[in-house]
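*Asks:* Please see the structure below; I have some questions.
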2 protein chains.
Amino acid sequence: MPRDAADLVELLDLETIDTNLFRGHQQVSSLPRVFGGQAAAQAVVAAGRTVDPAYVLHSLHSYFLQPGDTSAPIIFDVETIREGRSFATRRVLARQHGRPIYALTADFQRPEEGWEHQQVAPVVPPPEECLDPKKLLGQPDDDPEWGVMELRYAGSSLDGGLEPDEARPGRQRVWLRAKGTLPDDPFVHVAAFAFFSDMTLMGAALAPHGIRSGSPEAMVASLDHSIWFHRPFRVDDWWLYDQDSPFAGGGRGLVHSRVHTADGTLVASVSQEALLRKPRAPRQEAGA
Amino acid sequence: MPRDAADLVELLDLETIDTNLFRGHQQVSSLPRVFGGQAAAQAVVAAGRTVDPAYVLHSLHSYFLQPGDTSAPIIFDVETIREGRSFATRRVLARQHGRPIYALTADFQRPEEGWEHQQVAPVVPPPEECLDPKKLLGQPDDDPEWGVMELRYAGSSLDGGLEPDEARPGRQRVWLRAKGTLPDDPFVHVAAFAFFSDMTLMGAALAPHGIRSGSPEAMVASLDHSIWFHRPFRVDDWWLYDQDSPFAGGGRGLVHSRVHTADGTLVASVSQEALLRKPRAPRQEAGA
């Protein structure tokens, strides 16, 4: 986890090797493998570096292919598959040691106007009234483990904070923001959102089974990751990550989510499927 | 539209040019451009041809890049980006006249077991009691325009058949099936579902604006298309396509959907964003 906003900005600043070829450097990490959100954010930056800034990233779809090695830089190879009047599309293959670890396709659009509607934001307590997980874990406010990420739990179907809903068997809501201040450049916020968006999602898929996000009762690995960017927003202001899981089965769990700013504006949607495995050692299942 | 099940099976039977290189042939079409579902289905077949049948397709993400030419075959170039113990991943680039028209990434999994939950199916009238659009259009039951596709409207937030819901501003439900009988091979049903899944979705995004799917009041073009396959199912039995739209703006509309078989089993989820443009000639907007 980058320690602060400056550290995150540095992580997003790729080295150009050649046209359409970039190198992303690692930071000191306690993780055994590269955090998925880092690969996604750096790939977004690589794609964006090859696109006319008049085009804005409106969606991405990606797959995590292999665990990334935190001791080696990541190479990002960008391929132009559309250069149109309205849309520009890039495929990015991220690799280490000659092997693909992450594949992204990203679509950029020249801004235009059209019909507008949005799902209304749920009514939740403001972040100041929500549980800080550091308190739960008995950590100090400035615990370095959390680095640039600030998080507050706004409710989950696991602990009764959200009423059960048969249309959405698993639900979780968290407030998130980058600590400190990021530069005003909107593309920094787009890439930073890709970074943070790989956090917490599977809590919604595990909730129906009585398992907390991060618990050793489940082995979790992101499989795919999709973002639809609806409107520009600041990642260093609080945003609500409203998540629900329509399905789990076959060792996988799917989560759809909506991202609202504090004033209720819907600014992004994120979908992710992850591998959800029971640990190999026999162990009693904790819930339904 | 393929005339019948045999015609659809023929459309899905690609010619092998070389290892990982395939050619999809066109059928007689009244459409000015290749139907997106055809590109998706043929690309799924191309990817599947290169994967050990012990692995089952569990998800795909794709972008429509350029209108396809119905008078030329489509070339499908398959690239292996993961060949793992549990997962096999392929990128497929579809091209015509040397230009990419469609890009797909597909992920196959060796079946395993895990936690299970699913969103409960909505209560809707059975297909026999739902509106056949052919009746609405004054077409005979065997009108050739519909070919292998059977469709029944089960409700929309446009016409009052579904109550308004601020959490889902636009909603639409349709029953769909392939007419006749497809072969039992589960992969034929996976590819056929990719074909049909590009139908009707944007009705949910246009409903809040008082516009019917297929109306000349909106210019619609699919941008991306994602499918999560949850469980095997037959495409020639009725399935309910339950669609809602959380967002429209910037000339785009996003629709999430769930696919349930008639017994309520959740078998797939589909997400699509499309370009939704007002026609160029000035015209009164029909709704909100």
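*Asks:* Checking the structure you have, find out if any residue of region A:8-18 is of a type in the set (Asp, Glu), outside any loop (DSSP other than H, G, I, E, B) and over 21 Å from residue A:183 (Cβ atoms).
*Replies:* Among the residues of region A:8-18, at least one is of a type in the set (Asp, Glu), outside any loop (DSSP other than H, G, I, E, B) and over 21 Å from residue A:183 (Cβ atoms), which makes the answer yes.
*Asks:* Here are some conditions: (1) at the interface with chain B (Cβ under 10 Å from one of its Cβ atoms); (2) open to solvent by less than 50 Å² (accessible area, probe 1.4 Å); (3) in a loop (DSSP other than H, G, I, E, B). Residue A:139 meets all but one. Which one does it not meet?
*Replies:* Among (1) at the interface with chain B (Cβ under 10 Å from one of its Cβ atoms); (2) open to solvent by less than 50 Å² (accessible area, probe 1.4 Å); (3) in a loop (DSSP other than H, G, I, E, B), residue A:139 violates only (1).
*Asks:* Oh, and also: Say we look at region A:222-241 and pick out the residues that are more than 7 Å from every other protein chain (Cβ to nearest Cβ) and farther than 24 Å from residue A:114 by Cβ; which of these is most open to solvent (accessible area, probe 1.4 Å)?
*Replies:* A:237
*Asks:* Within region B:13-30, does at least one residue satisfy the condition of being closer than 19 Å to residue B:270 by Cβ, among the aliphatic types (A, V, I, L, M) and open to solvent by less than 30 Å² (accessible area, probe 1.4 Å)?
*Replies:* Checked region B:13-30: no residue is closer than 19 Å to residue B:270 by Cβ, among the aliphatic types (A, V, I, L, M) and open to solvent by less than 30 Å² (accessible area, probe 1.4 Å).
*Asks:* Then there is this: Among the residues of region A:185-231, count how many are closer than 22 Å to residue B:256 by Cβ and not hydroxyl-bearing (Ser, Thr, Tyr).
*Replies:* 22
*Asks:* When you scan region A:166-187, how many residues do you find that are open to solvent by less than 40 Å² (accessible area, probe 1.4 Å), within 14 Å of chain B (Cβ to nearest Cβ) and part of a loop (DSSP other than H, G, I, E, B)?
*Replies:* 2
*Asks:* Can you pull out the residues in region B:144-156 that are open to solvent by less than 30 Å² (accessible area, probe 1.4 Å) and touching a helix residue (DSSP H, G or I) at 6+ places or on another chain (Cβ under 7 Å)?
*Replies:* B:148, B:149, B:151, B:156
*Asks:* Tell me, which strands (runs of 3 or more DSSP E) lie completely within region B:35-120 with 1 or more residues that are facing chain A (nearest Cβ under 9 Å), within 19 Å of the chain's Cα centre (by Cα) and over 24 Å from residue A:90 (Cα atoms)?
*Replies:* B:56-64
*Asks:* Can you name the condition, by its number, that residue A:190 falls short on among (1) buried (at least 21 other Cβ atoms within 10 Å of the Cβ); (2) over 14 Å from residue A:237 (Cα atoms)?
*Replies:* (2)
*Asks:* Ok, one more. Check region B:188-198 and report whether any residue there is without any contact (Cβ under 8 Å) to a residue 60 or more places away in the chain, β-branched (Val, Ile, Thr) and more than 10 Å from chain A (Cβ to nearest Cβ).
*Replies:* No.
*Asks:* Any residue in region A:173-190 that is out of contact with any Phe, Trp or Tyr (no Cβ under 6 Å at 6 or more places or on another chain), of a type in the set (Ser, Thr, Tyr), under 19 Å from residue B:246 (Cα atoms) and at pLDDT 95 or above?
*Replies:* Taking region A:173-190 and keeping what is out of contact with any Phe, Trp or Tyr (no Cβ under 6 Å at 6 or more places or on another chain), we get A:173, A:178-190.
The next check asks that each one be of a type in the set (Ser, Thr, Tyr); those that pass are A:181.
From what's left, under 19 Å from residue B:246 (Cα atoms): none.
Taking every residue of region A:173-190 in turn, none turns out to be out of contact with any Phe, Trp or Tyr (no Cβ under 6 Å at 6 or more places or on another chain), of a type in the set (Ser, Thr, Tyr), under 19 Å from residue B:246 (Cα atoms) and at pLDDT 95 or above.
*Asks:* If we scan region A:107-117, do we find a residue that is among the acidic types (Asp, Glu) and in contact (Cβ under 8 Å) with a residue 40 or more places away in the chain?
*Replies:* Yes, that holds for at least one residue.
*Asks:* Run residue B:213 past the list (1) over 30 Å from residue B:65 (Cα atoms); (2) open to solvent by 30 Å² or more (accessible area, probe 1.4 Å); (3) without any contact (Cβ under 8 Å) to a residue 60 or more places away in the chain and report the number of the one that doesn't hold.
*Replies:* Among (1) over 30 Å from residue B:65 (Cα atoms); (2) open to solvent by 30 Å² or more (accessible area, probe 1.4 Å); (3) without any contact (Cβ under 8 Å) to a residue 60 or more places away in the chain, the lone unmet condition for residue B:213 is (1).
*Asks:* Hey, residue B:71 hits all of (1) surrounded by 14 or more Cβ atoms within 10 Å (Cβ to Cβ); (2) more than 15 Å from residue B:103 (Cβ to Cβ) but one; which does it fall short on?
*Replies:* Every listed condition holds for residue B:71 apart from (1).
*Asks:* On to the next question. Among the residues of region A:146-162, are any free of Cβ contacts under 8 Å to residues at least 60 places away in the same chain, away from every other protein chain (no Cβ under 14 Å), part of a strand (DSSP E or B) and of a type in the set (Gly, Ala, Ser)?
*Replies:* Yes, some residue in region A:146-162 is free of Cβ contacts under 8 Å to residues at least 60 places away in the same chain, away from every other protein chain (no Cβ under 14 Å), part of a strand (DSSP E or B) and of a type in the set (Gly, Ala, Ser).
*Asks:* Ok, one more. Is it fair to say residue A:260 is open to solvent by less than 10 Å² (accessible area, probe 1.4 Å), in contact with a Pro (Cβ under 9 Å, 6 or more places away or on another chain), within 12 Å of chain B (Cβ to nearest Cβ) and within 26 Å of residue A:48 (Cα to Cα)?
*Replies:* yes
*Asks:* Would you be able to say whether some residue in region A:227-236 is in contact with a helix residue (DSSP H, G or I) (Cβ under 9 Å, 6 or more places away or on another chain), in contact (Cβ under 8 Å) with a residue 40 or more places away in the chain and among the aliphatic types (A, V, I, L, M)?
*Replies:* The answer is yes; a qualifying residue exists.
*Asks:* With respect to residue B:208, determine if the residue is surrounded by 20 or more Cβ atoms within 10 Å (Cβ to Cβ) and either more than 20 Å from the chain's Cα centre (by Cα) or hydrophobic (A, V, I, L, M, F, W, C) (or both).
*Replies:* Here the answer is yes, as residue B:208 does meet what is asked.
*Asks:* Examine region A:31-38 for a residue that is open to solvent by 20 Å² or more (accessible area, probe 1.4 Å) and either more than 22 Å from residue B:81 (Cβ to Cβ) or touching a strand residue (DSSP E or B) at 6+ places or on another chain (Cβ under 6 Å) (or both), and state whether such a residue exists.
*Replies:* Yes, because at least one residue in region A:31-38 is open to solvent by 20 Å² or more (accessible area, probe 1.4 Å) and either more than 22 Å from residue B:81 (Cβ to Cβ) or touching a strand residue (DSSP E or B) at 6+ places or on another chain (Cβ under 6 Å) (or both).
The values are calculated or read from the model by the stated rules, or taken from the named source; none is laboratory data. The structure presented is a predicted model; accordingly, all values stated were derived computationally and were not measured. Note that we place each Cβ from the backbone using ideal geometry, even for glycine, and neighbour counts take in every protein chain shown. Ligands, DNA and RNA are excluded from the accessible area calculation, which covers all protein heavy atoms including side chains. Shrake-Rupley method; radii C 1.70, N 1.55, O 1.52, S 1.80 Å.
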